[in-house]
1. Determine if the range 51-67 includes at least one residue that is without any contact (Cβ under 8 Å) to a residue 40 or more places away in the chain and under 17 Å from the mean Cα position of the chain (by Cα).
2. Does residue 60 satisfy being under 19 Å from residue 151 (Cα atoms), modelled with pLDDT under 85 and buried (at least 18 other Cβ atoms within 10 Å of the Cβ)?
3. I'm told residue 92 meets every condition in (1) over 22 Å from residue 237 (Cα atoms); (2) over 17 Å from the mean Cα position of the chain (by Cα) except one. Can you identify the failing condition by its number?
4. What's the number of the only condition in (1) touching a residue at least 40 places away in the same chain (Cβ under 8 Å); (2) surrounded by fewer than 16 Cβ atoms within 10 Å (Cβ to Cβ); (3) more than 20 Å from residue 36 (Cβ to Cβ) that residue 97 fails to meet?
5. Within the set of pairs 6+ apart or on separate chains, which have a first residue in the range 117-137 that is farther than 20 Å from residue 92 by Cα, a second that is surrounded by 21 or more Cβ atoms within 10 Å (Cβ to Cβ) and modelled with pLDDT of 95 or more, and C-beta atoms under 6 Å apart?
6. Could you pull out the residue among 105, 49, 126 that is at pLDDT 85 or above, buried (at least 18 other Cβ atoms within 10 Å of the Cβ), farther than 17 Å from residue 8 by Cα and touching a strand residue (DSSP E or B) at 6+ places or on another chain (Cβ under 9 Å)?
7. Quick check on the range 74-87: of everything there that is out of contact with any helix residue (DSSP H, G or I) (no Cβ under 6 Å at 6 or more places or on another chain) and modelled with pLDDT of 85 or more, which residue is surrounded by the fewest Cβ atoms within 10 Å (Cβ to Cβ)?
8. Look at residue 106 and say whether it is under 23 Å from residue 169 (Cβ atoms) and touching a residue at least 40 places away in the same chain (Cβ under 8 Å).
């Protein structure tokens, strides 16, 4: 696929991969994802995980049938779900010898220069310690004015913040099509996007009851990431072993090719 050598990888995992329709955590998928990421780290690649699933896990744990719409209830389910999510991540990563560090952030953490620098320092320290930074939006206290918005956008923000070489967005879709394949059996799969600004495709909203975004948020995230020099791939999350193929340069999902630049806020490049 023409990827540059990856030294630092950001992986975003969506709620549809981490949970069942009931909202309860899909332990089989979580264990597979952790095993693959741990093995990738064993090879010398640094990994940052952006994980959805807190609200979904929360409404499953609280016995709700669907995500609540009222803000205070959303915040409560996120608070319950985040603890459940991190407990499982800590257990599974610990089995492979890796500690985890939770980072919950909002827009102001990224936009305010001092807080941004502190955040970058935290990421760097966790990586130096051999820990896995696990990132989510701070949904338990967030309101619309301080939200980054969705975890696709969050993953691109983090990829730029830490100076990643590659962002992989794992979701419930194969990648980008020129129209919705659920509605059009003749939809053409797009395996490579060189110029995201000229992209023309029919895109839809959220793919599942547990997620917050669809293809449109992934394209927006890819646009952000490639603009700061981070190659971005969107692919399915139910087969995390595909990450091995991606790192070996095999064609998996849709590759959005990065522009040849880095932002001035890139951690690794000053």
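The values are calculated or read from the model by the stated rules, or taken from the named source; none is laboratory data. Values in this document were obtained by computation on a predicted structure and should not be read as measured data. A quick note on method: Cβ atoms are made from the backbone with ideal geometry, for glycine too, and the neighbour counts reach across all protein chains shown.
1. yes
2. Details: under 19 Å from residue 151 (Cα atoms): no; modelled with pLDDT under 85: yes; buried (at least 18 other Cβ atoms within 10 Å of the Cβ): yes.
Criteria not met by residue 60.
3. In the conditions (1) over 22 Å from residue 237 (Cα atoms); (2) over 17 Å from the mean Cα position of the chain (by Cα), residue 92 misses (1) alone.
4. Just one mismatch for residue 97, condition (3).
5. Listed by first residue and then by second, the contacts come to 123/133; 123/162.
6. Numbers: 49 fails: farther than 17 Å from residue 8 by Cα; 126 fails: farther than 17 Å from residue 8 by Cα.
When all the criteria are applied, what remains is 105.
7. Of all residues in the range 74-87, those out of contact with any helix residue (DSSP H, G or I) (no Cβ under 6 Å at 6 or more places or on another chain) come to 74-76, 79, 83, 86-87.
Pick out the ones that are also modelled with pLDDT of 85 or more and you get 76, 79, 83, 86-87.
Details: 76: 17, 79: 16, 83: 16, 86: 18, 87: 11.
Checked the range 74-87; the qualifying residue surrounded by the fewest Cβ atoms within 10 Å (Cβ to Cβ) is 87.
8. Details: under 23 Å from residue 169 (Cβ atoms): yes; touching a residue at least 40 places away in the same chain (Cβ under 8 Å): yes.
Criteria met by residue 106.
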